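Comments concern the structure below.
The values are calculated or read from the model by the stated rules, or taken from the named source; none is laboratory data. Keep in mind the model is a prediction, meaning the values are calculated, not measured. We place every Cβ from the backbone using ideal geometry, glycine too, and count neighbours over all the protein chains shown. These accessible areas exclude ligands, DNA and RNA; they are computed on the full protein's heavy atoms, side chains included. Shrake-Rupley method; radii C 1.70, N 1.55, O 1.52, S 1.80 Å.
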Amino acid sequence: MENQVPVLQLKHITKRFGNITANEDVSMDVHQGEILALLGENGSGKTTLMNAIAGIYYPEEGEILVRGKEVSINSPRDAFELGIGMIHQHFKLIDVLTAAENIVLGLKDKRRFDLKAANAKITEICEKYGFDIDPNQKIYDMSVSQKQTVEIVKVLFRGADILILDEPTAVLTPQETDKLFHILRNMKADGKSIIIITHKLNEVLDISDRVVILRKGKYICEFVTAEADAQKLTDAMVGHAVTLNIDRPEPVDPKDRIRVKGLTVKNSDGVLKLKDISFTARTGEILGIAGISGNGQKELLESIAGLQKIESGSIAYVNEDGTEKELVGLDPKKITDLGVTLSFVPEDRLGMGLVGNMNLGENMMLRTFRHGHGLFTDRKAPYQLAEQVVKELEVNTPSVRTAVRKLSGGNVQKVLVGREISSAPTVLLTAYAVRGLDINSSYIIYDLMNKQKERGVAVIYVGEDLDVLLELCDRILVLCDGQVSGILDGRDVDKQQVGMMMTRLGGGEANE
Amino acid sequence: MFEFLLSFIPRAVSQGIPLMFGAVGETVTEKSGNLNLGTAGIMYVGGICGVIGSFLYETRTGVENMNGFLAILIPMLCCLAGSLIMGLIYCFLTVTLRANQNVTGLAMTTFGVGFGNFFGGSLIKLSAADVPSIALSRTSQFFSAKLPFAKSLGWFGQIFLSYSFLAYTAIAMAIIASVVIFHTKLGLNLRSVGENPATADAAGINVTRYKYFATCIGAMVSGLGGLYYVMDYASGVWSNDAFGDRGWLAIALVIFTIWRPAHSIWASILFGGLYILHIFIPSGTNLAIKELYQMAPYVVTIIVLIFTSLRNKRENQPPASLGLSYFREDR
């Protein structure tokens, strides 16, 4: 196999979004009949790189060679014609159509529209690789794993022999994962090349032949899986600790503020998102939450804020005098009145917390509109607050009457965090508060959080940059698969340890 | 009773045909995810354009020298061209410029009605008639020509064969639309565009092209409804605002038939029947009661909406992205 031309070669691929470089000078090869794992932390550019191969993005620099020939992939159709198919994390299927209809969708076929022939071919593919789907079943009747199967069959139907799977196991149960891996091995035996994006180390070690590691958009190194172990992979994935010099004042007189016991949460599909979570958040302390995205961070914060339906467990708010108040079952407004504020910055910054078409002052009012006199809301105070936030956080805006959606992402975040902090919270929940911010703005936010900490606020900080978590937080709770992988002291823990715990429950060595 | 049905059914059918055109056109449009509330206006424009075409032809050649073929072809082409332009304007605004579909549609309706009344008024002035209407009776004769042997077939002929070619065109359109939408690859692609344009795009379907084509074809089919109304139903008499709220009834029909064009055949006849039911009811001369009866189709539509929403069957829901503009960079 070594003498063959790789089926897919990437040479010096660079992809930028505005000022942000998602991939920089990445080169890698994929051979026929191998399973290549693409490993990296959140935001390391794995998905972007694969989207460039699948024709969704077009890279600014670099070249892509398929079977030794340089190609230009401008659309998903181009990718299909080259035999490249990608199974996205969010399935691209149409609910009201059947599996077969989804599979033949958009195919340019001169022959008559013939679902029967298509069904026969689908059945053939299914038998060949061990899939189990009914071509006539509607997508909305299918489980997540069945939908994924349809996506894979769709790609194979179009004759793809290079398959890219973006975190295929994120939505699967362990049994379904085993089944998927079995199918992937069948496809590999059939000479197909497979790229699997993941950050689960045990899966990498289980299924792949080779591992390529990306960090911060760059190619770091690659391993032959047989020669790698979890430790080596983690080291390469997280890199060495960087010194950032973020202040970390000693907590003053920490007292318990939030006690979470045995918290279990399921999402709307009935999938377990949080399992038996217990921890305590203390006043005057920043509790960092580390974990690969989608491991329950969002659900955890929303549970505390009263926005999640809770399966079992308790969340207690501890008053100054030591008495406890149960938060589970309270409506979000009552929780907010206790001083628990949530400044959640989800993937789309405007999605939660701010209204894009409203101006800064009006967005401030979203918190205070109940404070008016009688029928009328108080319009003056929010605008004053907006002025204050703009000044203190150096928000770059023409005026407080500018619609929030016109501001850049960083400024939007400052407005959101500024508003939450201004309500003098007793518990401050933040997620990805510095995502997409430049260094300077990030430090302003860190500073703000430290100020809140000194005020005696219990701060819970969900972050993605381990270096920051290690320097900012007093304690770090590591989530893995919706479970507490461990709670560490932020002052004497190293990055590798956190990295291991993020990818493997408890961070134990791989002994499989 | 039989006598009643014999006179009621043909009238219900001819009342239902404009609705059928409108509903089929609108269904095709909505299947691409475009909620074209401009249908009412488009039907007006289709009607008045046909009137303008035939007016010019009638006055130029004189009533005696009219060629039957041209008398039909000219108004028809004018009607199709007018509706096509309306469809193109709607597409340009909502698909290319991504304007809000509801606002655009309502504006198109207001515009279409105004356009019809303006040119209707102008033609009435030109024709210097004593009554506020234009009568194109010669053209109408060509349009409403019926099968010659229909009369000789008794009740069967009266119920099934006593209509003009446009009526059968409407039924053919409904059947063709149904076959194309549900049984061809073209229809599959169209439905996927209306359901989930991002997925369709990823599958290599040209979303913009499908939206443009579906909406323009839909607009042309709807426009024929306006033409049928003037030339056949109203015997070639155009008077302003006479078309009334039939465009809205057509939109209601789309919901009533749960986006299945074939069903609009019986449903539009039912609506047409409900619309004129008051004439056959003894108290029908009372105008206040008339309004109540004319309300019936809308009430029926609301009931259907309640039932389909309650049953929540996925196939009976509107296209998932109906009313939303698609923007590739959004993903």
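Here are the criteria: (1) over 24 Å from B:Leu249 (Cα atoms); (2) out of contact with any strand residue (DSSP E or B) (no Cβ under 7 Å at 6 or more places or on another chain). Tell me which single one B:Ile134 does not satisfy.
Looking at each condition in turn, B:Ile134 falls short on (2).
Tally time: how many residues in region B:242-273 are hydroxyl-bearing (Ser, Thr, Tyr) and either surrounded by fewer than 19 Cβ atoms within 10 Å (Cβ to Cβ) or in a helix (DSSP H, G or I) (or both)?
The total comes to 2.
Within region A:13-111, which strands (runs of 3 or more DSSP E) (wholly inside it) include 2 or more residues that are touching a Pro at 6+ places or on another chain (Cβ under 8 Å) and away from chain B (no Cβ under 14 Å)?
In region A:13-111, the matching strands (runs of 3 or more DSSP E) lie at A:20-30.
Name the pairs whose Cβ atoms lie under 6 Å apart, with the first residue in region A:296-313 and within 23 Å of A:Val171 (Cβ to Cβ), the second assigned to a helix (DSSP H, G or I) and open to solvent by less than 20 Å² (accessible area, probe 1.4 Å), and 6 or more positions between them or separate chains?
Pairs found: A:Gln308/A:Glu302; A:Ile310/A:Ser303.
Return yes when B:Thr308 is within 14 Å of chain A (Cβ to nearest Cβ) and open to solvent by less than 40 Å² (accessible area, probe 1.4 Å) and no when it is not.
So B:Thr308 fits the description; yes.
Output the residues belonging to region B:180-197 that are aliphatic (A, V, I, L, M) and within 9 Å of another protein chain (Cβ to nearest Cβ).
B:Leu186, B:Leu188 - these are the residues of region B:180-197 that are aliphatic (A, V, I, L, M) and within 9 Å of another protein chain (Cβ to nearest Cβ).
Out of region B:158-179, which residues are among the aliphatic types (A, V, I, L, M) and either open to solvent by less than 50 Å² (accessible area, probe 1.4 Å) or away from chain A (no Cβ under 14 Å) (or both)?
B:Ile159, B:Leu161, B:Leu166, B:Ala167, B:Ala170, B:Ile171, B:Ala172, B:Met173, B:Ala174, B:Ile175, B:Ile176, B:Ala177
Looking at region A:448-471, which of its residues are open to solvent by 50 Å² or more (accessible area, probe 1.4 Å) and modelled with pLDDT of 85 or more?
A:Lys451, A:Glu454, A:Arg455
Output the strands (runs of 3 or more DSSP E) that fall wholly within region A:292-359 and possess 3 or more residues being within 25 Å of the chain's Cα centre (by Cα) and at pLDDT below 75, or say none.
The qualifying strands (runs of 3 or more DSSP E) are A:340-344.
Given region B:169-241, what helices (runs of 4 or more DSSP H) lie entirely inside it while holding 3 or more residues that are of a type in the set (D, E, K, R)?
Here the list reads B:185-195.
Would you say A:Asp256 is among the charged types (D, E, K, R), modelled with pLDDT of 85 or more and within 18 Å of A:Val318 (Cβ to Cβ)?
The answer is yes for A:Asp256.
Do we find a residue being under 30 Å from the mean Cα position of the chain (by Cα) and modelled with pLDDT of 85 or more anywhere in region A:113-122?
No.
Taking B:Trp248 as the residue in question, decide whether it is in contact (Cβ under 8 Å) with a residue 24 or more places away in the chain and either within 14 Å of chain A (Cβ to nearest Cβ) or among the aromatic types (Phe, Trp, Tyr) (or both).
So B:Trp248 passes the test.
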